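Here the structure is laid out as structure tokens; the discussion comes afterwards.
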């Protein structure tokens, strides 16, 4: 039976002037890396950012904000992360405000940040 196997990627469409600051945030702060992005027949520009071998975040530039893209009540994106202390140091060094939530008596720590385009990002650390 056909069905969903898992999450493939998230696409963020941002204005042309936000494309580079958002890209830098996800690379320098969140810890994703640039990777292969195929040529698009639509002529759109942007980046595919990778976690391991997977292109988990597709960034598209030049979004037309006058057009509704059907995001509805979308709240945030969450990434499974490693090295809580290094991430905390990176956030503090960059002056990125964050909120920390500890769950299950410390078995899981969540850090919430906001990217330059206003998207809430949850960084999850499981022990």
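Things to note:
- Inter-label distance, residue 10 to residue 120: 1.1 nm, where each label sits 7 Å from its Cα along the C-beta direction.
- Taking every C-alpha pair closer than 8 Å and separated by at least 6 residues, the mean separation divided by the residue count of the chain gives a relative contact order of 24 percent.
- Relative to the longest principal axis of the Cα atoms of the chain, helix 84-94 runs at roughly 60 degrees.
- Once the gyration tensor of the Cα atoms in the chain is diagonalised, the equivalent ellipsoid follows with semi-axes of 26, 18, 15 Å, ordered largest first.
- Cα→Cβ-extended label distance, 7 Å offset, between residue 34 and residue 127, nm: 3.8 nm
- Calculated mean residue ellipticity, 222 nm, the chain: -4500 deg cm²/dmol, from DSSP H runs (n ≥ 4) at -39500 (n - 2.57) each, averaged per residue and rounded to 500.
We did not get these values from a lab; they are worked out from the coordinates using the rules stated. Predicted model, so just to flag it, every value in this text is computed and none were measured. Reconstructed Cβ throughout: ideal geometry from the backbone, glycine too, with neighbour counts over all protein chains shown.
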